[in-house]
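A quick write-up on the structure given underneath.
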Amino acid sequence: MAKMWAGRTAGETDRVADDFNSSIRFDCRMYKEDITGSMAHAAMLAKQGILTQTEANTLIDGLSGILADLESGALAIDPAAEDIHMFVEQVLTERLGDVGKKLHTARSRNDQVALDLRMHLRAETDGIMESLRELLEVLSDRAAEHEGTIMPGYTHLQRAQPITFGHWLMAYAMMLLRDLDRFSDARVRMNVSPIGCCALAGTTYNTDRRFEAERLGFPEIARNSLDGVSDRDFCLEFMSSSSILMMHLSRMAEELILYSSWEFAFIELADAYTTGSSIMPQKKNSDMAELIRGKTGRVYGDLMALLTTLKGLPLAYNKDMQEDKEAVFDAVDTVKMCLAVLTPMLATMTVKPENMKKAASGGFINATDLADYLVGKGLPFRTAYKISGELVAHCIREGTVLEKLPLEIYQAHCDRIGEDLYAVIDLEACVNRRISEGGTSRESVRAQIAYVKEKLAQ
Ligand code: ARG
């Protein structure tokens, strides 16, 4: 097929080279943005008197016909086309004749591809933010359900202090709230129109960039045409927000895997989100959670790939930049899939409060509270800390726990200890005394849930 850009060159390009050069197999997903962008362009050309209104109407009708035919399946994307922009223009010209050839006036594929990608990613960002809000709803609802469910809190994966499962869930909610902020912030700089920058230098035609931008929902336009066609920061910001989000999802997935093991048995994932083993009949594997953890690496890879592609590029457009799309699309697909699986996985998981409580009761996680009790009785913290440590060591030797240790033993270590200690080291009391803002008490977790709900309502 003759190239639309044939002119300067006349010789046929090599078939393998054509294939190598082509981006249609992945940029075809921007067909809608390409067509709506072209419609706005045609309207602008007519408004400015660069084309007649009749010509613009013909182009717009032709474009909407192509859109309808692509959506109905009446028109198939030609895999031999160089890219989606060339494909649409080619079909338009086949259908409309010479007037189709006028669409590309005062435009270049360089500003066109930047426009399409911004519009496409803007829509995907909106979708991802919506999914994040759903996930936050589920986390908050499950946290409300478990504001009193005691579990061990860990540092170094050693039992540290008692917390509630609600508090644990809300920790992830806070991370996701920041992710939501990051996507929304990235969207501001994504939402800038490059169209009208043309190849690199702007154009001699009397165009109206703001009219076109406004039609396509952009509140701002790129202020420098060289930058406008070369800027892929919006892709990088999207992928770094995605990478941080995936890191959070991966950490949560890791804990879900750990907590659903027999050793912990704090939770059980629904059958719908687990798999069996092909050989071991007893197995229930958390494959989906493992995949969320595993796929995090590819999103980091997508970000690194584009950062590396861009780092040595001279201004303005270079073909290297065609590599942006596969990385961005892969990140989009991966994030969307992970959220689509994780949200119902959390909504349907069974929580096992008895096992959590048992683990919380067996590990001296109230030792800090014992020390704090002694401080309340007038001992300096370091002395209190030492006495508590000795009492823990005694329990370990005797195979018992602080809650069950008789008062005489306590008093043998420190005569200021009284009967009132037992109420203080009760796990429930340990949790609910942690009333500092952001702490694990019922009251504080409720405040955290209210904060998230309020943010979501905004
Ligand atoms: N397929 C190209 C891309 O994705 C479109 C822009 C082509 N521009 C050019 N001057 N060759 O980047």
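Here each label is just a point 7 Å from Cα along the line to Cβ, and for D420 and M280 those points are 5.2 nm apart.
Compute the orientation-averaged projected area for the stretch 87-223 from the convex hull of its Cα atoms and round it to one decimal in nm².
On the way: hull surface 52.3 nm².
So the mean shadow area of the Cα hull is 13.1 nm².
The slack in the chain from F381 to R25, taken as 0.36 nm per residue of separation less the alpha-carbon distance, amounts to 121.5 nm. When the pairs K284/K404; K336/K358; K283/K358; K284/K325 are compared against a 28 Å limit on Cα-Cα distance, K284/K404; K336/K358; K284/K325 fall above it. Taking each residue as 0.36 nm, the span from T155 to D227 lengthens on full extension beyond its C-alpha to C-alpha distance by 21.2 nm.
Compute the long axis of helix 53-72 from its Cα atoms, compare it with the longest principal axis of the Cα atoms of the chain, and write down the angle in degrees, 0 to 90, nearest 10. Result, in degrees: 50.
Here is the size of the stretch 347-458 from its Cα atoms: Rg then Dmax, 17.3, 58 Å.
For the stretch 316-458, with every protein chain kept in place, what is the accessible area per residue (1.4 Å probe, Å²)?
Numbers: 7040 Å² over 143 residues.
Dividing the accessible area of the stretch 316-458 by its residue count gives 49 Å².
Axis angle, to the nearest 10 degrees, between helix 165-190 and the longest C-alpha principal axis of the chain: 20 degrees. Site pair N318 and D78 shows an inter-label distance of 3.1 nm when each label is modelled 7 Å from Cα along Cα→Cβ.
Of the two radii for the stretch 25-77, the radius of gyration is 1.05 times the Kirkwood radius, both from the alpha carbons; that is the Rg over Rh value.
Measure out, as a whole number of angstrom, how far apart the alpha-carbon centroids of the stretch 40-87 and the stretch 91-144 sit. For the stretch 40-87 versus the stretch 91-144, the Cα centre distance is 16 Å.
Here the chain exposes an accessible surface that is 54 percent carbon and sulfur, computed with a 1.4 Å probe and the other protein chains kept in place. Modelled this way, with points 7 Å down the Cα-to-C-beta line, the labels at L307 and T204 are 4.3 nm from one another.
On average over all directions, what projected area in square nanometres does the chain have, based on the convex hull of its Cα atoms? If you can, show how the numbers build up before the last one.
Values: hull surface 119.2 nm².
Value for the chain: 29.8 nm².
Could you tell me the center-to-center distance, by alpha carbons, between the stretch 381-458 and the stretch 282-344 in angstrom? If you average the Cα positions of each part, the centres end up 43 Å apart. In the chain, helices alone account for a calculated mean residue ellipticity at 222 nm of -20000 deg cm²/dmol, with every DSSP H run of four or more residues adding -39,500 (n - 2.57).
Do any GluC sites (Glu not before Pro) in the stretch 377-448 lie in a loop, going by DSSP, with at most 14 other beta-carbon atoms within 10 Å of their beta carbon, and if so which? Intermediate values should be presented prior to the final figure.
Values: sites: E390, E398, E403, E408, E419, E428, E437, E443; in loops: E419, E437.
Filter output for the stretch 377-448: E419, E437.
The values are calculated or read from the model by the stated rules, or taken from the named source; none is laboratory data. Since this is a predicted model, take the numbers as computed values, not measurements. As a convention, Cβ positions derive from the backbone with ideal geometry for all residues, glycine included, and neighbour counts pool all protein chains shown. Side chains included, ligands, DNA and RNA excluded: accessible areas come from the protein's heavy atoms. Shrake-Rupley method; radii C 1.70, N 1.55, O 1.52, S 1.80 Å.
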